[in-house]
Amino acid sequence: MRTILQESNLDLLSEAERLITALTDTLVVPELVAYRDRVVQACTDMREQVHHNLRDLELGRDDILPEEILSETQRLTLGLRLYNRRLAGPILRGLESDRLSLRVIGWLHAVHKETVDVPAAVSTEEFSIWPAPPHPVVYFMPASAQCGLLYQPLFFHEFGHLLYACHKPEMDNLVQDLQTEIAELLEPLARRNDIHAQAEERQRIIIVLTWYKWAQELFCDAIGLTIGGTAFIHAFNRYLRISQRTEYHCSPDELGLRPHPVTWLRARLLVRRARELGCDTAADAMERQWATIANTLGIAEDYYGFYEDEFLPLIWQTLDDMLVEAEPYHFTEQDLRNEEWDHGFTVVHLLNQAWHQFQTDMDSYPEWEHQAVFDLLRIPLEDLWTGDPRADDET
Amino acid sequence: MTADWLTFQSFQRSQEVLKAINTLSAHLKLTLNGIADEELSQAASQSVEALRAFLNELEAAARQADQTEPAPMLGVDPRLQQLVRSYLVARHHRRFRSCLFTEPISDIKALLTSNARDDQEALVKCLAELRVLVEEHIYDDVDQILDAI
């Protein structure tokens, strides 16, 4: 066994060194330097752990610690595999086109005290995020969306998952309260003791458990809207309204497996919050469009008990409490104002301006966007990320 | 917008728990064999804190699930629920023999900082079985994140 462990650890050592060399030799854009440094540090830490294993083997400690050295070797194998196959990719691919998204995400992280030191990268897939602070974060976005401004606001939803992770104990408590209250609402007035009653009880448990993930997704939508204002509504609406029938309706069996609520329900709640925040015009348009598409599809709204109108006050209060806990950036009046953008304003203002330009004159939009992105990328990073929230705390 | 975030968080949590288990277990075994390792000793203190936090989570979720009448675990992420269920199944089926699976979790937390030799030996057995549980759990995450070869 000693020989096997020695060989495997030497393999790991070689692999870690090759990866560190590849990462440090790669010329990265300035926006990715912090992420690259964090990934290199993690790989260096793993290399150090491999050295420990080899030292223990040289000292003959495998007689006392056979399970520990084997388990550590397996753990490091998986850890290095994660970096090799998933987390190093955004650095090694070195795409200039990543800079736009990296700046949007960099600004987002910089204006929230929990994330100011969490480095992030971008990769290509459907919108999602891998948020496990303090580990480096990867945001995913489809390739075409990365090249323009219009769908960048959808990162604000993904950022919500990171904020949830930063406040996980408090958020989980709030979700637990919501699940308890929904369970009480679902409780039947009288209990039978037959096979149907047992099936109903199982379904009630599925519904209640489903709300763990659904609550987080609705919270992320609320975060997206609170940060991005009308730009988030437009991006959400345009990206999701036409994709597929299941965005409007799912069978009861499918609902229990869905990580997200049916998108029509998300749209409804987004419309409600948008009106609360004074984004009435965008909210009205979105509501009409979803109703029109649902009508054309011949779909009537039905969530089969996974959502009832009587849940709404509970959900709303929970989301409000979660927002208080997370304290996201709140778009300002200036962010939504239809004025030319300059770098004294925020990224949120730029994204709202982009949607205004797109909706006003679609033909000239590509040229406008090209110039806006060019201007954004010319700004020195230290001028763009001036919103370090720790500075506010000190004053 | 996929749900990979849960899997990724679960993978990282399991990695950290495994590291803490291995570090503390190695420290205890060397100590019990009269071998001093200052560097490992310092790392073991951090591992105790990491394991205490993990056992607190496990205990709170298991308390919800292990009622006379089985109850759903509320406010608990689905991957942790699966780990808790594996733990409870292992407890009820006597799959493991260490006190982690026969005594209340609060007893194990007390062992974490004990200097008594008997307690340290008991803790080593608990850590070995906890390692098996977590290693079995992490492979579901690996399948999703790394696409098993």
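Could you tell me which residue of the range A:181-202 is surrounded by the most Cβ atoms within 10 Å (Cβ to Cβ), considering only residues that are at pLDDT 90 or above and more than 9 Å from chain B (Cβ to nearest Cβ)?
Looking at residues that are at pLDDT 90 or above and more than 9 Å from chain B (Cβ to nearest Cβ), I get A:182.
I'd like the residue in the range B:76-99 that is more than 14 Å from chain A (Cβ to nearest Cβ) and of a type in the set (Ser, Thr, Tyr) and, out of all such residues, is farthest from the chain's Cα centre (by Cα).
For the range B:76-99, the residue satisfying everything is B:86.
Could you tell me which of the residues B:26, B:53, B:62, B:71 is out of contact with any Gly (no Cβ under 7 Å at 6 or more places or on another chain) and more than 13 Å from chain A (Cβ to nearest Cβ)?
Answer to the selection: B:62.
With the structure loaded, tell me whether residue B:138 is within 11 Å of chain A (Cβ to nearest Cβ), in a helix (DSSP H, G or I), under 14 Å from the mean Cα position of the chain (by Cα) and over 19 Å from residue B:44 (Cα atoms) or whether it fails that test.
On the way: within 11 Å of chain A (Cβ to nearest Cβ): yes; in a helix (DSSP H, G or I): yes; under 14 Å from the mean Cα position of the chain (by Cα): yes; over 19 Å from residue B:44 (Cα atoms): yes.
Yes: the conditions hold for residue B:138.
Against the condition in a helix (DSSP H, G or I), among the hydrophobic types (A, V, I, L, M, F, W, C), more than 9 Å from every other protein chain (Cβ to nearest Cβ) and under 28 Å from residue B:143 (Cα atoms), how does residue A:70 come out, does it pass?
Considered against the rule, which asks whether it is in a helix (DSSP H, G or I), among the hydrophobic types (A, V, I, L, M, F, W, C), more than 9 Å from every other protein chain (Cβ to nearest Cβ) and under 28 Å from residue B:143 (Cα atoms), residue A:70 comes out as yes.
Let me spell it out: the conditions are (1) over 28 Å from residue B:81 (Cβ atoms); (2) surrounded by fewer than 13 Cβ atoms within 10 Å (Cβ to Cβ), and residue B:143 meets all of them except one. Which number is the exception?
Unmet for residue B:143, out of (1) over 28 Å from residue B:81 (Cβ atoms); (2) surrounded by fewer than 13 Cβ atoms within 10 Å (Cβ to Cβ): (1).
Please go through the range A:227-276 and pick out each residue that is small (Gly, Ala, Ser) and within 30 Å of residue A:107 (Cα to Cα). Working first, answer last.
First pass over the range A:227-276, keeping only residues small (Gly, Ala, Ser): A:228-229, A:231, A:235, A:243, A:251, A:256, A:267, A:274.
Within the range A:227-276, A:228, A:229, A:231, A:235, A:243, A:267, A:274 qualify.
Scanning for something free of Cβ contacts under 8 Å to residues at least 40 places away in the same chain and under 30 Å from residue A:116 (Cα atoms), does the range A:194-203 turn up at least one residue?
Among the residues of the range A:194-203, not one is free of Cβ contacts under 8 Å to residues at least 40 places away in the same chain and under 30 Å from residue A:116 (Cα atoms), which makes the answer no.
Hey, residue A:64 hits all of (1) β-branched (Val, Ile, Thr); (2) facing chain B (nearest Cβ under 10 Å); (3) touching a residue at least 60 places away in the same chain (Cβ under 8 Å); (4) surrounded by fewer than 18 Cβ atoms within 10 Å (Cβ to Cβ) but one; which does it fall short on?
Tallying (1) β-branched (Val, Ile, Thr); (2) facing chain B (nearest Cβ under 10 Å); (3) touching a residue at least 60 places away in the same chain (Cβ under 8 Å); (4) surrounded by fewer than 18 Cβ atoms within 10 Å (Cβ to Cβ), residue A:64 fails exactly one: (3).
Among the residues of the range A:161-180, what is the count of those that are free of Cβ contacts under 8 Å to residues at least 12 places away in the same chain and within 7 Å of chain B (Cβ to nearest Cβ)?
So the count comes out to 4.
Being without any contact (Cβ under 8 Å) to a residue 60 or more places away in the chain and away from every other protein chain (no Cβ under 11 Å) is the filter; apply it to the range A:73-105 and report the residue that is farthest from residue A:30 (Cα to Cα).
Restricting attention to the range A:73-105, the residues satisfying the condition of being without any contact (Cβ under 8 Å) to a residue 60 or more places away in the chain are A:74-75, A:78-79, A:81-82, A:85-87, A:89-90, A:93, A:95, A:97, A:101, A:105.
Okay, now just the ones that are also away from every other protein chain (no Cβ under 11 Å), so A:89-90, A:93, A:95, A:97, A:101, A:105.
Numbers: A:89: 16, A:90: 13, A:93: 14, A:95: 12, A:97: 13, A:101: 13, A:105: 13 Å.
By that ranking, first place goes to A:89.
Filtering the range A:116-142 down to residues that are touching a strand residue (DSSP E or B) at 6+ places or on another chain (Cβ under 8 Å) and over 22 Å from residue A:43 (Cβ atoms), which residue is farthest from the other protein chains (Cβ to nearest Cβ)?
A:124
The values are calculated or read from the model by the stated rules, or taken from the named source; none is laboratory data. All figures in this text were calculated on a predicted structure; none of them were measured in a lab. Positions of Cβ are generated from backbone atoms using ideal geometry, with glycine treated the same way; all protein chains shown enter the neighbour counts.
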